[in-house]
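Readers should treat all values here as calculations from the given coordinates under stated rules, not as data from a laboratory. No experiment lies behind these values; they were computed from the predicted model shown. No Cβ is skipped: glycine too gets one built from the backbone with ideal geometry, and neighbour counts run over all protein chains shown.
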Amino acid sequence: MKSQVVGRFAPSPSGRMHLGNLFSCLLCWLAVRSAGGKLILRIEDLDPQRTSRALSDLLEEDLRWLGLTWDEGGSTGGPQTPYYQSQRGEIYQAALEKLEALGLCYPCFCSRAELHAAEAPHLSDGRVLYSGRCRHLTPVEREVLSARRRPALRVQVPDETISFTDLRCGFQQEHLPDTCGDFLIRRADGVFAYQLAVSVDDALMGVNLVVRGSDLLTSTPRQIWLQQTLGFAPPQYGHIPLLLAPDGRRLSKRDGDLDMAHFRSQLSGPEPLLGLLAWLGGLLDRPEPVSASELIPLFDWEKLPDGDVTVAADQLLKALEKF
Ligand code: GLU
C-alpha cells in the first residue's frame, strides 16, 4: 500500500507573509492536497531575534483567511507537539549528540570577517565555502581559543556526492566538499542551525514531500546527507519557481505593498489573490477569482513555469483592482 503523502508549511515568522511566500504556500498546499495528503504547519522560529509568536499567530490567521488549511501543527498541535522550532531544542540537541558520537562535529572559532575574507571561495549562489580551517585544530589550540570566544559547531562532510530527482527541477547532484563544505549545525550563540533543525523535523514529523522555493534547492543535498547520517529516509523534494521583481531581486518582505496586510485591507475575500497566484503558477490561463479548493484538480507539476517568474508590483496591484 502506498503511504499517505505528508507535506509541510515551514514558514519563518519574521514578518507578514508577502506575495512570494503566498506563492510557495499555495503551490505546496495544492501539491499535497491534490495527492490526497496531509499538511503539517511547522513554525520555524529558531532565531529569537528575528521571529515572534505574535507574527506566527498572524501568519496562521492569514492562512485561514486564504483557505490554506493544515491538519496538525502550529497552535493546533498534534502528535509531534511542539511544532514551534523554538521549543524543540532538546530534540536538536539529541541529534547533535548523535553526530558528535559519530565523530563528525567540531567547534569553529572563525569570526564573520574571517569566514567572508576575500580569498574565501565563493559559490555561485553567493555562499562562502568553508575552508575547514578549524577542523584541524589541536585540543590545546581549541582550549586556548575557547577561553576567548564561544565557538559555533560544524559538521564535517565526507567526500561524497548526493543525488536526488526533484519533482520540478529534475536530476540534481552535488559533491558535498565542493558545494557546501563543512557546515554549521549550531551557531556560536547556541541557536541550532536551520539545516539541522529542518532535517530532523522533516524526518520525525514523517514528512515525505517537501515543496518549497527553489532558493532552497542548494540546501537539499545537505539535508539529505544529514538525514541519511542520522538514519532517516529522506523525503521527496519539489522546488518551485521564485517570484522576482523586475530588477531580478527576489520578492521579499521589503516589498511592503505586496504583503498580506495590504491585500487584506483591499480585498473582501482571497479569491482574486489566489487566482492571480494560480495564473502566475501556470495553473490558470488568465487571472480570475477562484478558491483554494477549486484549484486542487488543476494542480500539475508539469504546468509550473520552468524558470523563475518576474512580476511587476504595480501591474499586479492593478490587475487585482480590476477583479
Ligand atoms: N523556514 C524557511 C523559510 O521560511 C523554509 C524552510 C523550508 O521550507 O525548508 O524560508
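Details
- Estimated 222 nm signal from helices in the chain, with DSSP H stretches of n ≥ 4 weighted -39500 (n - 2.57), rounded to 500: -10000 deg cm²/dmol
- Tilt relative to the chain, helix 271-280 - C-alpha long axis, 0 to 90 degrees, to 10: 60 degrees
- Charge tally in the Cβ shell below 10 Å around residue 109, where Lys, Arg are +1 and Asp, Glu are -1, residue 109 excluded: +3
- Placing a label point 7 Å from the Cα of residue 261 along the Cα-to-Cβ line, the residues of region 34-70 whose backbone N sits under 20 Å from it are 49-66.
- Neighbour counts of other Cβ atoms within 10 Å put 220, 138 in the fewest-to-most order 138, 220.
- In this label model, residue 76 and residue 144 are separated by 5.6 nm, measuring between points 7 Å along each Cα→Cβ vector.
- Counting neighbouring Cβ atoms within 10 Å and putting the fewest first, the residues 29, 225 line up as 225, 29.
- Estimated FRET transfer efficiency when R0 is 41 angstrom, pair residue 117-residue 322 (beta carbons, to 0.05): 0.20
- Calculated on alpha-carbon atoms, Rg and Dmax of region 55-155 in Å: 19.9, 58
- Net charge in the neighbourhood of residue 226 (other residues with Cβ under 15 Å of its Cβ; Lys, Arg +1, Asp, Glu -1) is -3.
- Positive contributions from Lys and Arg (+1) and negative ones from Asp and Glu (-1), summed over other residues with Cβ under 13 Å from the Cβ of residue 88, come out at -4.
- Taking only alpha carbon atoms, region 206-323 gives an Rg to Rh ratio of 1.03, where Rh is the Kirkwood radius.
- Rg over Rh for region 199-272 works out to 1.13, both radii taken from alpha-carbon positions and Rh defined as the Kirkwood radius.
- Over 28 Å [Cα-Cα, the chain], rounded percent: 44 percent
- For q = 0.16, 0.19, 0.20 Å⁻¹, Debye-computed log10 I/I(0) when each Cα of region 146-290 counts as one equal scatterer: -1.02, -1.17, -1.22
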